[in-house]
Every structure is written in C-alpha cells, then in structure tokens.
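J.: Please read through the structure below; I'll follow up with questions.
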Amino acid sequence: MSDKSARLTLGNETWDLNVRQGSVGPEVIDIGSLYRDTGMFTYDPGFTSTASCESKITYIDGDEGTLLYRGYPIEQLADHGDFLETCYLLLYGELPTRAQKEDFDFRVSHHTMVHEQMTRFFSGFRRDAHPMAVMTGTVGAMSAFYHDSTDITDPHQRMVASLRMIAKLPTIAAMTYKYHVGQPFVYPRNDLDYASNFLHMCFAVPCDEYKVNPVLSRAMDRIFTLHADHEQNASTSTVRLAGSSGANPFACIAAGIACLWGPAHGGANEAALNMLTEIGSVDRIPEYIAKAKDKNDPFRLMGFGHRVYKNYDPRARIMQKTTHEVLAELGIKDDPLLDVAMELERIALSDEYFVEKRLYPNIDFYSGITLRALGFPTTMFTVLFALARTVGWIAQWKEMIEDPSQRIGRPRQLYTGAAQRDYTPIDQRS
Ligand code: SDX
C-alpha cells in the first residue's frame, strides 16, 4: 500500500482512496471499495482511464512512443532476437539462456502437428469463407481435441496448452490459407525455424521444391515479434475476461481471435491495404484526407491513430524498414501502394487535424504492404496478426490465472432504461 491517497468528497462526506504507483507509468487510484463505501460506480466507456489489472508483461509509453516487453525495448528484441526468444521472454519474464532457448525451440517445433482429424474441419467451410472465420472456429475446436490440457487449475496443463497453441497456430493458419486457395495442406517440418516453417507450410506445393528465402523468413519472424503483445488492448482484455470465468485456454484464445478481427483493431491491416488500394494514386490523397477530417463522413484513415500512442507507434517504424527490405529483396522497385502510403503519411503528419489529434501511423499502416509482397492475400493479414498475438494472449491469460487476487470480471453500468413498470395485456396496448 502506498502512503499516498486521493480524497473523494461528495456533499459533506469524504473518502480517502489508496493511490498505487507501478514501476513506471501513471499511478492508479484503487476504487475497489468505492461501491461498498459510497454506493456509486465509476463510469468510463471504452476504459480510456481505467486500469483493469496489474501486469508485469508489457509497458507502452504512448507519449514517448516506446514499447517494452518485460522491460526490453521492442527495437532491440526485433533487431537482435527472434520470435521464439520473445515468446519465452513474455511467458517466463526473462530472456532464455542458450540451453533454455534450445529446449524451448525443440519443445515448440515438436508440437507443430495438429490432430489429423482436425483437417476434416476445414472441408465444412466454404472455400471463400473469410480466413478469420475459419481461425475462430478451428482454434475454438482445439478444446475438442486436447482434453489433457484444459484444466486451468493444473500448472502443467496450462503450460502444455500454452506450448500447443504457440506451436500449432502457424499450422492452423497455414491450413486456413491453403484451404482458402484450394491447395493441399503442407505438414510442418521440424528442421525449419518457426517463421521458415510457416512460410513453407503456406507456399510449398507438392509439385515443386520450395526453398525459403532467409531474408523473407527473417522479415516474417520480425513481424511476429512486433505483434506479440500490447498491454490490455481489446482482444487481450477479451481473453482475460473469458479466462476469468474459468473457460479453457483454447476457448479464451478463440475469443481473442474473434475480437481482433474488428477493423478498429487487428482488422485494420486488411482495411489499411484496402484503403491504399482504393486511393490508388498519390493525386487522390487530398480527397481522402478531407473525408477523414469530415465529421459527417464515417471514413477514417485505416492504420492511423491509436488509443495509447500519441506519438509514432515504434512498431510502425520497424515495419516500414521491413517493408523496404522485403521489397528490395523481391526486386520490387516502385510499389504504387508504398508511394501512396508514404505520401499519405507525409501529408497527414503535417496536417493540423492529425497533428492536433496526435494521430500517427500505427503498426497496421505498413504491415499490409509487406504481407502482400510476401505473397499473402489481404484476407490473411489479420490471421497473421492473430498467430503472432497468441503468445501475448497466453502470457496475459497465464498471469491472470496465477494472480491470487483474480476474480471473475463483471463490470457494472449506468442504467438509463425504464424504471420498474407493470405488464400490459396485449389487447390494452395502443
Ligand atoms: C491496433 O489497443 C491496441 O494496443 C491495439 C493494437 C495492438 O497491438 O493490440 O495496437 C492494434 O488495433 C492498432 C489500431 C488499428 N486501428 C486502426 O488503424 C483503425 C483507425 N484508427 C481509429 O479507428 C482509432 O484511431 C482507434 C480505434 C485506433 C483509436 O480510437 P480512440 O482512441 O477511441 O480514439 P477516437 O476514436 O476517440 O478518436 C479521437 C479523435 C476523434 O475525433 P473527435 O471525435 O475527437 O473530433 O481522433 C479522430 C476521431 O474522429 N480519429 C481519426 C482516426 N482515428 C481517430 N480520424 C481520422 N482517421 C483516423 N484513423
């Protein structure tokens, strides 16, 4: 308990509420006893000023534009480590030793196959089903296969379920893609690293030798690292809330996938590329900037703005660098969409509307151009986001389950509907 407190005065009554300080970032006013003491709730739709939990996993400084995974800056992890090292860090809190990393890589790579019976799920979907619909269904269905890792009270089962999802999400995502394009599934290979294995499962075909381009697999791996975790965003909060009821881990992650699908959240990478395609050329940018600023027009610049970042999203900077690397490696000299994106960013960052509202490119602004260059259709972009975010969802779910103060999440409301009234028989209604 800190020695600071916040005094609440209502009429002639006052209450002192405890103020808590984290290791970095804003202090919090602990209102856990507010309703009991005052008979009142707080009101904060969208949770713009509400901390839902205590966490040690990820920290964002929105004003500075910094992102830390367990204290390590995202730039350093993206430059020097790989995605599975980031997975270990998010799950266990420390960077692995060489022996720990080798053991973790081995354990993940030897859980990449899915139950053969799962392949029959896909044939139940239409080929043109949105891949995120398929992912939501098949990941939720994992709880119908892996009964030996659904008891959330057993630490060993929690660990097994965590490893299974980190290992099998790429396989399920690749199967989703293959089903979507009408090609046969490709089994995982234990001799390939995580990102190379994923690209191989997506782009290898039986009639040809597929060699993974190391520059492209390094870019894919870095993209996974950039998307791994991000504090209590909408989908992570969904996973925590689902987990607080005791639901099994596969169901919780499926809930996170469903939430991530929305265009205001993880669906923004698909929406951003569709927007850049619709704009089409640099000379049409002013028309779309005007639409984004028009209060009567629901259009927003997809890939711009963020609830927390009021500065440049550090992930967007790394993504932009990765975009140039991938296009250069593929010999794509001038991608018209990249030209539109860079000119749109330049104009927006100098426009008073965006400056005043502190709207900057976020991770989704450049990721679509990169993923399209890697060979993915836009409908697969959010699937890749979900694949990478699975480790963050699991780490946050695990932290919640292991938090002794954890209770089922059950927000209250400000009720403005009808007060109690009596039933009127239908023949007396006008
Ligand atoms: C992700 O939370 C996370 O951490 C998410 C994420 C993660 O890793 O998990 O970072 C991933 O979801 C990134 C965000 C992807 N979404 C988009 O790119 C969609 C476009 N962006 C917006 O819809 C919006 O910026 C949000 C949803 C991201 C944030 O919305 P907020 O914080 O609720 O802000 P707001 O909607 O209240 O906007 C504040 C003002 C409004 O104007 P006023 O009503 O105050 O006059 O800024 C305007 C908005 O109209 N605004 C935009 C805009 N985003 C906000 N105007 C034009 N274009 C935009 N993109």
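J.: Tell me the angle of helix 83-92 to the major Cα principal axis of the chain, expressed in degrees between 0 and 90 and rounded to the nearest ten.
T.: That works out to roughly 30 degrees.
J.: Could you give the angle, 0 to 90 degrees to the nearest 10, between helix 131-141's Cα long axis and the longest principal axis of the Cα atoms of the chain?
T.: The angle comes out at about 70 degrees.
J.: Another question, if that's okay. Convert each backbone phi in segment 44-56 into a coupling constant with the Karplus relation 6.51 cos²θ - 1.76 cosθ + 1.60 (shift: θ = phi - 60°), then list the ³J(HN,Hα) values in order as whole Hz, x for Gly and Pro.
T.: Once rounded to whole Hz, the list reads 7, x, x, 6, 6, 10, 10, 8, 8, 6, 9, 9, 10.
J.: Carbon and sulfur together cover what percent of the accessible area of segment 48-138 at a 1.4 Å probe radius?
T.: Roughly 51 percent of what the probe reaches on segment 48-138 is carbon or sulfur.
J.: Relative to the compact-globule scaling 2.2 N^0.38 Å, provide the ratio for the alpha-carbon radius of gyration of segment 278-402.
T.: 1.18
J.: With each pseudo-label sitting 7 Å past Cα toward Cβ, what's the MET40-LEU414 distance in nm, one decimal?
T.: 1.2
J.: I'd like to compare 392-405, 345-358, 11-24, 69-82: which one has the highest average count of other Cβ atoms within 10 Å, and what's the full order after that?
T.: 392-405, 69-82, 345-358, 11-24
J.: At 222 nm, what helix-only mean residue ellipticity would the chain give, in deg cm²/dmol to the nearest 500, using -39500 (n - 2.57) for each DSSP H run of four or more?
T.: -15000 deg cm²/dmol
J.: Give me the percent of the accessible area of segment 236-357 that comes from carbon and sulfur atoms, probe 1.4 Å, all protein chains in place.
T.: 55
J.: Mind checking the angle between helix 194-203 and the chain's longest principal axis? C-alpha axes, 0 to 90 degrees, to the nearest 10.
T.: 70
J.: Would you kindly calculate the translational diffusion coefficient of the chain, applying Stokes-Einstein with the Kirkwood radius from alpha carbon pairs, for 20 °C and a viscosity of 1.002 mPa s, and quote it in µm² s⁻¹ without decimals?
T.: Answer, rounded: 91 µm²/s.
J.: Output needed: percent of Cα pairs per 5 Å distance bin for segment 170-246, bins running from 0 to the one holding the longest distance.
T.: Spelled out bin by bin, segment 170-246 gives 3, 15, 18, 18, 15, 12, 11, 5, 2, 0 percent.
J.: What three numbers, in Å, describe the spread of the alpha carbons of segment 93-163 along their principal axes, ordered from the longest?
T.: 45, 26, 22
J.: Sorted by mean Cβ packing within 10 Å, highest first, what order do the peptides 87-96, 115-124, 47-56 take?
T.: Top to bottom by mean Cβ count within 10 Å: 87-96, 47-56, 115-124.
J.: Also, I was wondering about something else. Going 7 Å from the Cα of GLU54 in the Cα-to-Cβ direction, what parts of segment 13-33 have a backbone nitrogen less than 20 Å from that spot?
T.: Residues passing the 20 Å test: 16-33.
J.: For the peptides 376-389, 277-290, what is the packing order when you average, over each peptide's residues, the other Cβ atoms within 10 Å and list the highest mean first?
T.: Per-residue Cβ counts within 10 Å, averaged per peptide and sorted highest first, yield 376-389, 277-290.
J.: Might you tell me the accessible area per residue for segment 161-247, computed with a 1.4 Å probe and given in Å²?
T.: With the other protein chains kept in place, segment 161-247 gives 34 Å² per residue.
J.: Take a quick pass over the chain and tell me how many lysine pairs come in under 28 angstrom between Cα atoms, counting only ones 8 or more apart or on separate chains.
T.: 25
J.: Could you work out what % of the accessible surface of segment 361-429 is carbon and sulfur, using a 1.4 angstrom probe and leaving DNA, RNA and ligands out of the count?
T.: 49
The values are calculated or read from the model by the stated rules, or taken from the named source; none is laboratory data. Since we're looking at a predicted model, the values are computed, not measured. Please note: Cβ atoms are built from the backbone with ideal geometry, for glycine as well, and neighbour counts cover all protein chains shown. We work out accessible area using only protein heavy atoms, side chains counted, and drop any ligands, DNA or RNA first. Shrake-Rupley method; radii C 1.70, N 1.55, O 1.52, S 1.80 Å.
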